[in-house]
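See below for the structure under consideration.
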Amino acid sequence: MLETVLNKSKFSPVIESESNDYVWIDISKSNSELEKVDVANASEFSEYISLFLKDNNAKIAIGGYNEARDIYKRSENFNSSELEERDIHLGVDLWTKAYTAVLAPLKGKVHSFNNNLGVGNYGPTIILEHNLKGQKFYTLYGHLTKDSIEDVIIGETIDKGEMFAAVGNFPLNGDYPPHLHFQIIKDLKGMEGDFPGVTSNAKQVEDLANCPDPNLILKIKN
């Protein structure tokens, strides 16, 4: 089982850092502090994240797996009138400074990439394919710089610990405060350069089973 293999394996960080660089952050619907912030305004939301990092003497704010959020309400990408609202996050976000280097946590190859345009979307995105102890899976990296996808080659090998991208900035990153969306995916279901990072209540169990907790790789203590 993939989760067991990941739990027993060691990985490089996806952002070069020390363990004390991290602080866990709550971006859920239950965080009343966010009611004071216009999260639809990337600049104001970024100030909130920056102050949170400063107050906690940290470089990276991490969290969000299986977290129900209101921050997607501004985007039709998640709130089509024909579909159930998607507001449950399937990855982990690492909120940090723009242009921070993104590293491969384990050896893999470039499966696909794309610039997923639009407010609330991923912006520049790379998906890596891995095979670990016979378990094939993928990792997705969203909200990157545009430069990150300009010279990417499908099938290119990326070594463990190698820098292959950088954290993007708004508005080109989907108009969010700078952060890396990191997600594990078992089955891409034929998609390339993109995969849903947010799900609905109706599909929560199914999608969480397909997208295990990224902290199995990150191993950041909460």
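Brief remarks follow.
- Selection count where residues are β-branched (Val, Ile, Thr) and either in contact with a helix residue (DSSP H, G or I) (Cβ under 9 Å, 6 or more places away or on another chain) or assigned to a loop (DSSP other than H, G, I, E, B) (or both), scope region 140-152: 2
- Filtered residue count, region 111-131, keeping only those that are touching a helix residue (DSSP H, G or I) at 6+ places or on another chain (Cβ under 6 Å) and open to solvent by less than 40 Å² (accessible area, probe 1.4 Å): 1
- All conditions but one from (1) more than 30 Å from residue 133 (Cα to Cα); (2) of a type in the set (S, T, N, Q); (3) within 16 Å of the chain's Cα centre (by Cα) apply to residue 32; the one that does not is (3).
- From the options 161, 174, 155, residue that is at pLDDT below 95, open to solvent by less than 50 Å² (accessible area, probe 1.4 Å) and out of contact with any helix residue (DSSP H, G or I) (no Cβ under 6 Å at 6 or more places or on another chain): 174
- In region 177-190, of all residues being touching a residue at least 40 places away in the same chain (Cβ under 8 Å) and in a loop (DSSP other than H, G, I, E, B), the one that is surrounded by the fewest Cβ atoms within 10 Å (Cβ to Cβ) corresponds to 186.
- Filtered residues of region 197-218 (kept if part of a loop (DSSP other than H, G, I, E, B), open to solvent by 20 Å² or more (accessible area, probe 1.4 Å) and either among the hydrophobic types (A, V, I, L, M, F, W, C) or touching a strand residue (DSSP E or B) at 6+ places or on another chain (Cβ under 8 Å) (or both)): 201, 202, 213
- The listed residues are 101, 42, and the only one of them that is in contact (Cβ under 8 Å) with a residue 60 or more places away in the chain, over 25 Å from residue 221 (Cα atoms) and not aromatic (Phe, Trp, Tyr) turns out to be 42.
- Checked against the criterion of being closer than 22 Å to residue 102 by Cβ, in a loop (DSSP other than H, G, I, E, B) and open to solvent by less than 70 Å² (accessible area, probe 1.4 Å), region 29-44 contains not a single residue that satisfies it.
- Test: residue in region 48-64 that is modelled with pLDDT of 95 or more, in contact with a Lys or Arg (Cβ under 8 Å, 6 or more places away or on another chain) and among the hydroxyl-bearing types (Ser, Thr, Tyr): no
The values are calculated or read from the model by the stated rules, or taken from the named source; none is laboratory data. All values derive from a computational prediction rather than experimental measurement. Cβ sites come from the backbone with ideal geometry, for glycine too, and all protein chains shown count toward neighbours. With ligands, DNA and RNA removed, areas are computed over all heavy atoms of the protein, side chains included. Shrake-Rupley method; radii C 1.70, N 1.55, O 1.52, S 1.80 Å.
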